[in-house]
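Since every read-out is calculated from the coordinates, none of them should be taken as a lab result. Bear in mind the structure is a predicted one, so any value in this text is a computation, not a measurement. Cβ: placed from backbone, ideal geometry, glycine included. Neighbour counts: every protein chain shown.
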Amino acid sequence: MNTLHDLERALTRKEHEHLEFKEARSSYSESKLVEYCVALASEGGGAVIFGVSDKLPRQVVGTLAFQDTSSLKKKIRDQLHFRVDFIELDHPDGRVLIASIPSRPVGVPVHIEGRYLCRIGESLMPMTPDQLRSIFNESPSTSAVEPTTGFACGKRVKRIREDLSLKASHMAEITNMPSENFWRAVEIDDVELSATQLTAISTTTGTTIEWLKHGDGEPYSTGEINDFSWEEDLQSLVGSDSFDLAMVLDAKTMCCCLLAKRSDYRVDAYVFSFNIAFWLWGDDHHHIPEIWRCFRWIRSSLGVTSALILPSTLFNALAEGRTSGRSILEAHPPRSRWFDDLFDLAHLHRHLVSEYRAYGPWFSKLQDSIRRWGHAASADASGPDVGPVSS
């Protein structure tokens, strides 16, 4: 209803659960409007028309209510978590304001401060338990494209939300769900999600689709970086200037992982298939130079200098997909300089022991290994030829 012609036709109709008229010549209660939004949304949507007499035969009387509709729209969205549109019509007899209210999501009742309202006659009344039960038992509608299979995944999506430390309203917004109430209904398994909706959650948060659907495997996906296909494995990060990247090291095993922050809600983990405890490998003249080239490429082509060192329990949880890279970065900001220092071969061991404290001795050994193999692996690299160093 957005033209004067539509309004003229509406004036002849009786009020019903989808249509309400209010004179509101000078003003109208904002809280009362919100209650009508709840009631009409619960009935499938509708309109409240201000500036029209509410008795037949109706006449346009004009209204001064709700002059700042932009602010009102935001307030209603903050309270009810759905959008109400306002249409202003310049009728010859005065201003008419129409609040266009959408339908609630399938299977999700709408409430204001815990009150579920419906329209009975000319009054707003609380919904009965039977009405609420009927709504919760609704099945999601289907389309010709969307598969009919739904997935009950309440505990899993709740865990993802808690991992992200987000409110239900924020989670619904970033995953394009209908409303906060819809998301809450999903978390208690009153509403099932479609494969398309789960894909949206997976893409936004980096969770695996099979875990979301069935609980199979671990929650978070991880990539692998192999020693002889590392450039191919890392191609998706090339030219991604918007990514924040950090190298992660297991303090005990010296296994490595590269974290790529793709958004505020998703951090992908790429786990190296090797560790860098070179001195335990013996005289391996083949793998170490390749790993040296890989690390130099990560530093020069991707610009990675940020790093952190984790205890094995946390590193394993990250590498196996049991915890998210975002949680790791939130709890352990990358303040270590080990990856950048790895390439600064002018450092003395005494400095490294002081800088890295308990990790200093193995870092000294790591730099010795880099010194030993750096020249052979990077003959054309800039900087002094440090040559091999005896252990």
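Annotations
- 3J(HN,Hα) along the range 257-273: 8, 10, 9, 10, 7, 7, 7, 5, 10, 9, 10, 8, 10, 10, 9, 6, 7 Hz, from the Karplus curve 6.51 cos²θ - 1.76 cosθ + 1.60 with θ = phi - 60°, whole Hz, x for Gly and Pro.
- Formal net charge of residues neighbouring GLY223 (Cβ-Cβ distance under 9 Å; K, R +1; D, E -1): -3
- nm² value of the averaged projected area, convex hull over the Cα atoms of the range 151-253: 8.6 nm²
- 3J(HN,Hα) from dihedral phi, the range 161-173, Karplus parametrisation 6.51/-1.76/1.60, rounded to Hz, x for glycine, proline: 4, 5, 4, 7, 6, 10, 6, 4, 5, 5, 5, 4, 5
- A straight Cα-to-Cα reach below 30 Å connects LYS167 with the lysines LYS32, LYS73, LYS74, LYS75, LYS155, LYS158, LYS213, LYS261, residues fewer than 8 places away in its own chain not being considered.
- As a rough guide to protection, the peptides 226-232, 167-173 ranked by mean Cβ packing within 10 Å, highest first, stand as 167-173, 226-232.
- When GLU138, GLU187 are sorted by how many other C-beta atoms sit within 10 angstrom of their C-beta, beginning with the fewest, the order is GLU138, GLU187.
- Residues whose amide H lies under 5 Å from that of MET127, counting only those 5 or more places away or on a different chain, are TYR116, LEU117, CYS118; hydrogens are built 1.01 Å from N in the peptide plane.
- Overall form of the range 159-207 per C-alpha gyration tensor (a/c, 1.5; a/b vs b/c): rounded
- Total formal charge among the other residues, if their Cβ is under 14 angstrom from that of ARG326, Lys/Arg +1 and Asp/Glu -1: 0
- Taking a Cβ cut-off of under 10 Å around TRP183, the surrounding Lys, Arg, Asp and Glu residues balance to a net charge of +1, with basic ones at +1 and acidic ones at -1.
- The range 4-129 - Debye-derived log10 I(q)/I(0), Cα point model, q = 0.15, 0.16, 0.17 Å⁻¹: -0.66, -0.75, -0.84
- If the convex hull is drawn through the Cα atoms of the range 66-217, its volume per residue in Å³: 161 Å³
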